[in-house]
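The next block holds one structure in the form of structure tokens; read it before the comments.
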Protein chains: 2
Amino acid sequence: MVWRGEVVQDYVDLLACVWSDGLPAEALLSWLDVRRRANRLAVERVPFRELSGWEFDDGTGNLRHTSGHFFSIEGLRVRTDHCWFGSWTQPIIVQPEIGILGLLVKRFDGVLHVLVQAKNEPGNIRGLQLSPTVQATRSNYTRVHRGDGVKYLEYFASPRGRGRVLADVLQSEQGSWFLHKRNRNMVVEALDDVPLDDDFHWISLCGLRRLLLRPHLVNMDTRTVLSCLPPEPGPAGRKLPTPTTSFAAAVAQSLTEGSTALHAMGEILGWLTDVRSRRELVQQRVPLKETAFSGWRRDEHAIAHKGGDYFRVIGVSVRASSREVSSWSQPLLAPAGPGLAAFVTKRIRGVLHVLLQARTEAGLLNGPEMAPTVQCRPLNYRSVPAEHQPAYLDYVLSADPARIRYDTLQSEEGGRFHPTRRTATSWWRPRTTSPVEVPQDFRWLTLHQILALLHHSNYLNVEARSLVACIQALS
Amino acid sequence: MVWRGEVVQDYVDLLACVWSDGLPAEALLSWLDVRRRANRLAVERVPFRELSGWEFDDGTGNLRHTSGHFFSIEGLRVRTDHCWFGSWTQPIIVQPEIGILGLLVKRFDGVLHVLVQAKNEPGNIRGLQLSPTVQATRSNYTRVHRGDGVKYLEYFASPRGRGRVLADVLQSEQGSWFLHKRNRNMVVEALDDVPLDDDFHWISLCGLRRLLLRPHLVNMDTRTVLSCLPPEPGPAGRKLPTPTTSFAAAVAQSLTEGSTALHAMGEILGWLTDVRSRRELVQQRVPLKETAFSGWRRDEHAIAHKGGDYFRVIGVSVRASSREVSSWSQPLLAPAGPGLAAFVTKRIRGVLHVLLQARTEAGLLNGPEMAPTVQCRPLNYRSVPAEHQPAYLDYVLSADPARIRYDTLQSEEGGRFHPTRRTATSWWRPRTTSPVEVPQDFRWLTLHQILALLHHSNYLNVEARSLVACIQALS
């Protein structure tokens with residue numbers, strides 16, 4: 001029995017550390033380098049008049065594609081009581097359709113592996129990043145029987161007989177930039193043999209999570225799908241690997257079902273209902289030209305706010321070495337200055353809890369969603385009075401570096417957003433400095449509670465989901 | 001021990017049958033009659049020009065209150081692939097705020113009682129109906145500290161110290177008539193003594209459910225809040241009362257946690273995600289005057305569709321004998337012809353399941369929600385080709401009367417809707433005639449699964465929630 005126990009332990013260590021097909025991290029990065037050379041994008045900023053197929057509508061000023069497809073840049077008028085200024089008008093991306101972000105997984109020798117795609121997008125900081133197996137638009141997957149070339153799409157569009165659906169849920173995109181945008185986050189376990197295509201590679205789930213410790217490598221779409229994957233039930237008789245740090249142990253414990261939470265789930269849901277009911281968020285689509293009254297100016301190169309705040313809409317021309325469409329041009333949204341997303345975490349009654357805020361964002365469909373403890377672009381607050389600075393921003397910026405458990409640059413989605421560095425950071429503070437009593441818009445949740453909420457739509461925003469994926473890199 | 005068991009059984013029978021404070025059904029109905037005499041509304045149809053404070057906007061044609069408060073009637077353009085005609089424009093009620101529907105409950109001698117209000121609304125068919133303890137607008141409850149006279153509001157606006165929150169969830173209103181409207185459904189258990197006000201009465205939960213067997217007595221708002229109330233955990237040592245019919249036994253069993261469901265909850269959520277992703281629903285607010293292109297005509301008395309279908313918007317003038325505001329006028333929406341909402345139910349693997357459809361409605365916020373097996377106004381389909389008639393409509397209309405378990409007229413909400421009789425009907429069919437295999441937009445759920453979904457927003461539409469309340473009258 002002792003001998004058998006040792007074998008199981010060896011096997012579990014393997015599960016914790018193995019890379020795809022035994023491919024060590026360096027080998028996967030070399031493969032990425034090879035794909036990067038085969039898969040170049042030349043991206044060049046161009047004035048709007050050189051955006052082929054795109055035009056400003058005469059009446060509304062909206063920026064749209066002449067085909068009516070893709071997306072448009074329109075105006076949104078918002079009235080809220082949440083921010084320190086109550087109402088404003090802004091440009092916003094309108095794309096009223098639901099796309100699929102699909103991750104195909106499969107067990108090799110009992111170890112769950114993920115099929116990642118090396119994909120280039122015009123807004124990617126370092127070219128190729130690891131994206132989900134499938135990123136498809138609604139028209140891709142409703143027409144899948146006609147065969148339109150999105151590889152592996154059949155596992156997500158009609159999984160029956162091919163795969164077992166492990167996760168399937170609509171989640172929001174960036175609420176400050178998208179109007180009511182949702183994507184379908186899916187994880188499907190393949191039941192048959194999966195032919196391996198160029199630009200795709202199997203990597204163990206654990207190995208992919210470890211890559212979240214590196215900057216700009218695992219793209220935003222992969223991070224959100226990973227966050228929706230339910231935790232693997234430990235195989236009968238196996239123990240989890242011994243965590244290497246006490247923080248890792250705390251994360252692993254917080255992910256388990258039995259961990260004691262400060263608040264029952266009913267209280268958490270009631271709290272969000274209360275914030276959603278009290279906080280006013282009235283949204284009205286308006287012509288883009290009406291954003292001029294709020295200080296948005298358009299010249300031939302950009303739509304920008306007079307103070308340089310928030311973001312700009314710009315145009316890029318793209319030439320690809322390996323796409324079906326070898327060149328195109330499109331607008332991108334370029335955020336003004338780096339973003340910061342941080343979890344403040346704390347052991348309460350011995351269990352690691354994460355502090356989430358119910359945050360109103362201009363374009364969210366259901367009102368406030370749960371966001372990281374701090375989520376902002378600090379530059380936007382440089383002229384904001386102290387009392388209206390985001391809660392916990394100072395606390396996070398002045399944190400003892402020894403208490404910072406995760407501090408890695410991650411990218412926004414490269415198909416819509418122009419490079420701005422975003423710091424995705426998870427912070428852990430000892431109980432002596434972080435109080436359990438928090439403002440009305442904040443609540444402490446265990447990781448297990450967060451994963452349970454991720455079975456449902458529109459509870460956690462995309463920035464929080466991204467950090468949920470990242471914190472699991474530490475377990 | 002046998003003696004003790006008998007006492008418990010007596011007590012449980014009491015729980016199943018007791019009326020408020022020992023008040024038998026006839027006495028409660030007499031009380032309602034007294035309140036009805038004290039609380040009259042004289043409702044008269046008037047042309048739009050006699051609607052005091054209401055006007056049609058010159059530019060848009062929208063019908064709105066000059067104060068900007070209350071609600072407005074605007075236009076909505078819809079594009080969908082769900083209906084047999086794909087796109088249309090219609091008038092729609094716009095009221096972008098979340099109200100509270102709150103039910104105060106309290107145990108008397110261990111039996112859960114509900115505080116109902118005898119309330120009159122201009123659209124009520126028989127005057128007073130039993131409404132929730134509180135129906136309040138957002139401005140009511142965000143200004144509660146100023147004291148604006150909504151009785152018992154404090155239990156819902158700031159329950160801490162006064163009550164224990166049993167349910168608190170945002171749910172949708174009628175998607176065909178309201179744009180993105182949600183109300184907060186709350187149940188709070190009072191911890192202190194509750195002074196009883198005129199127009200309010202305690203009734204046991206069980207007694208209130210029995211009143212759902214009578215027509216037009218328990219209003220729509222009460223029904224939706226009742227549906228969100230989690231089932232009472234059986235007190236330790238007590239058995240549930242012995243059901244009087246085998247259908248009642250099947251309902252009671254389907255409500256319990258251990259009952260075996262045809263589909264796991266993950267499959268149900270994935271199914272709804274799939275329908276929400278595939279079904280197109282593009283909504284665009286437009287000026288009311290643009291609905292003219294879809295056949296909507298306005299004269300001095302009504303906004304109506306040229307064929308008389310769907311609904312009309314009319315004006316009423318109201319004089320009340322007992323309101324703070326003793327007279328007012330307002331628009332109402334008058335549906336064209338009676339509605340039908342029916343559950344087809346079936347024992348599968350020995351457990352009662354309910355057949356729900358994922359139904360697209362013009363004004364829903366999150367796309368399709370789960371609706372009754374059949375939900376339509378049959379008159380609207382009189383000129384629709386047979387292949388586009390609603391699924392299961394014929395099946396329900398031709399059902400063997402001996403198999404109809406619930407068939408009672410219930411009302412729409414009387415504050416916005418003009419009387420049209422709605423048949424809320426629950427049907428039970430033996431397994432020999434109703435197949436387990438159903439169309440892609442339909443799924444079988446147990447009642448326990450349905451109650452679990454009702455902890456979350458926007459899974460079940462208001463018609464389905466109303467029937468969920470009604471079917472529990474049978475358990």
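In summary, residue B:283 fulfils each of the numbered conditions (1) facing another protein chain (nearest Cβ under 10 Å); (2) at pLDDT 95 or above with the single exception of condition (2).
In the condition set (1) more than 14 Å from every other protein chain (Cβ to nearest Cβ); (2) under 25 Å from residue A:69 (Cβ atoms); (3) touching a strand residue (DSSP E or B) at 6+ places or on another chain (Cβ under 9 Å), residue A:295 is compliant with all but (2).
The single condition from (1) surrounded by 18 or more Cβ atoms within 10 Å (Cβ to Cβ); (2) under 30 Å from residue B:187 (Cβ atoms) that residue B:72 fails is (2).
Taking the stretch B:241-261, which residues are in contact (Cβ under 8 Å) with a residue 24 or more places away in the chain, more than 27 Å from the chain's Cα centre (by Cα) and more than 20 Å from residue B:356 (Cα to Cα)? If the condition is that a residue be in contact (Cβ under 8 Å) with a residue 24 or more places away in the chain, more than 27 Å from the chain's Cα centre (by Cα) and more than 20 Å from residue B:356 (Cα to Cα), then B:241 is the only one that fits. Report, by residue number, each residue of the stretch A:393-408 that is open to solvent by 40 Å² or more (accessible area, probe 1.4 Å) and outside any helix (DSSP H, G or I). A:398, A:400, A:404, A:405, A:407, listed by residue number.
Select from the stretch B:244-268 the residues that are under 25 Å from residue B:470 (Cβ atoms) and of a type in the set (A, V, I, L, M, F, W, C) and list them in ascending order. Those that are under 25 Å from residue B:470 (Cβ atoms) and of a type in the set (A, V, I, L, M, F, W, C): B:247, B:248, B:249, B:250, B:251, B:252, B:255, B:261, B:262, B:265, B:268. Scanning the stretch A:290-326 for residues that are modelled with pLDDT under 90, more than 17 Å from residue A:379 (Cβ to Cβ) and not charged (D, E, K, R) yields a count of 5.
Kindly provide the set of residues from the stretch A:350-392 that are part of a helix (DSSP H, G or I) and either of a type in the set (Ser, Thr, Tyr) or open to solvent by less than 10 Å² (accessible area, probe 1.4 Å) (or both), ordered by number.
The initial filter retains those residues of the stretch A:350-392 that are part of a helix (DSSP H, G or I), namely A:378-381, A:386-388.
Matches in the stretch A:350-392: A:381 only.
Let me confirm something: among B:165, B:114, B:194, which residue is more than 14 Å from chain A (Cβ to nearest Cβ), open to solvent by 10 Å² or more (accessible area, probe 1.4 Å), of a type in the set (Val, Ile, Thr) and out of contact with any His (no Cβ under 8 Å at 6 or more places or on another chain)? Walk me through it before giving the result.
Working: B:165 fails: more than 14 Å from chain A (Cβ to nearest Cβ); B:114 fails: open to solvent by 10 Å² or more (accessible area, probe 1.4 Å).
The match here is B:194.
In the stretch B:168-191, of all residues being in a strand (DSSP E or B) and away from chain A (no Cβ under 14 Å), the one that is surrounded by the fewest Cβ atoms within 10 Å (Cβ to Cβ) corresponds to B:190. Give me the residue from the stretch A:452-462 that is part of a helix (DSSP H, G or I) and open to solvent by less than 10 Å² (accessible area, probe 1.4 Å) and, out of that set, nearest to the other protein chains (Cβ to nearest Cβ). Per the stated criteria, the residue is A:453.
Would you mind stating whether residue A:116 is in a strand (DSSP E or B) and in contact with a Gly (Cβ under 9 Å, 6 or more places away or on another chain)?
Numbers: in a strand (DSSP E or B): yes; in contact with a Gly (Cβ under 9 Å, 6 or more places away or on another chain): no.
Spelling it out, it is not the case that residue A:116 is in a strand (DSSP E or B) and in contact with a Gly (Cβ under 9 Å, 6 or more places away or on another chain).
Among the residues of the stretch A:121-134, none is identified as within 14 Å of chain B (Cβ to nearest Cβ) and in contact with an Asp or Glu (Cβ under 6 Å, 6 or more places away or on another chain). Among the conditions (1) over 13 Å from residue B:219 (Cβ atoms); (2) modelled with pLDDT of 85 or more, the only one that residue B:132 does not satisfy is (1). Can you find even one residue in the stretch A:72-93 that is closer than 29 Å to residue A:197 by Cβ and out of contact with any Leu (no Cβ under 8 Å at 6 or more places or on another chain)? Among the residues of the stretch A:72-93, not one is closer than 29 Å to residue A:197 by Cβ and out of contact with any Leu (no Cβ under 8 Å at 6 or more places or on another chain), which makes the answer no. Among all residues of the stretch A:306-320, there is at least one that is part of a strand (DSSP E or B), in contact with a Leu (Cβ under 6 Å, 6 or more places away or on another chain) and small (Gly, Ala, Ser).
For the stretch B:27-108, which fully contained strands (runs of 3 or more DSSP E) count at least 1 residues that are charged (D, E, K, R) and at pLDDT below 95?
Working: elements: B:41-46, B:54-56, B:63-65, B:72-80, B:87-94, B:99-108.
By residue number, B:41-46, B:72-80, B:99-108.
Across the stretch B:213-223, not a single residue is classified as part of a helix (DSSP H, G or I), within 14 Å of chain A (Cβ to nearest Cβ), under 29 Å from residue B:72 (Cβ atoms) and not aromatic (Phe, Trp, Tyr). It is to be established whether one or more residues within the stretch A:224-244 are surrounded by 14 or more Cβ atoms within 10 Å (Cβ to Cβ), modelled with pLDDT of 90 or more and not in a helix (DSSP H, G or I). Yes.
Residue-by-condition table, conditions (1) closer than 18 Å to residue A:175 by Cβ; (2) acidic (Asp, Glu); (3) without any contact (Cβ under 8 Å) to a residue 24 or more places away in the chain; (4) open to solvent by 30 Å² or more (accessible area, probe 1.4 Å):
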residue: A:283; (1), (2), (3), (4): yes, no, no, yes
residue: A:303; (1), (2), (3), (4): no, no, no, no
residue: A:312; (1), (2), (3), (4): no, no, no, yes
residue: A:340; (1), (2), (3), (4): yes, no, no, no
residue: A:348; (1), (2), (3), (4): no, no, no, no
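Within the stretch A:262-272, is even one residue farther than 23 Å from residue A:174 by Cβ, crowded, with 16+ Cβ neighbours inside 10 Å, facing chain B (nearest Cβ under 8 Å) and within 26 Å of the chain's Cα centre (by Cα)? Yes, the stretch A:262-272 contains at least one residue that is farther than 23 Å from residue A:174 by Cβ, crowded, with 16+ Cβ neighbours inside 10 Å, facing chain B (nearest Cβ under 8 Å) and within 26 Å of the chain's Cα centre (by Cα). Annotation note: Cβ proximity below 6 Å between a residue of the stretch A:167-188 that is without any contact (Cβ under 8 Å) to a residue 40 or more places away in the chain and a residue that is outside any loop (DSSP other than H, G, I, E, B) (sequence gap 6+ or interchain) occurs for A:168/A:186; A:168/B:270; A:168/B:273.
Scan the stretch A:360-401 for residues that are within 14 Å of chain B (Cβ to nearest Cβ) and at positive phi and jot them down. A:367, the sole residue that qualifies.
The values are calculated or read from the model by the stated rules, or taken from the named source; none is laboratory data. Computed from a predicted structure; not experimentally measured. Please note: Cβ atoms are built from the backbone with ideal geometry, for glycine as well, and neighbour counts cover all protein chains shown. Areas reflect the complete protein model, heavy atoms only, side chains present, ligands, DNA and RNA absent. Shrake-Rupley method; radii C 1.70, N 1.55, O 1.52, S 1.80 Å.
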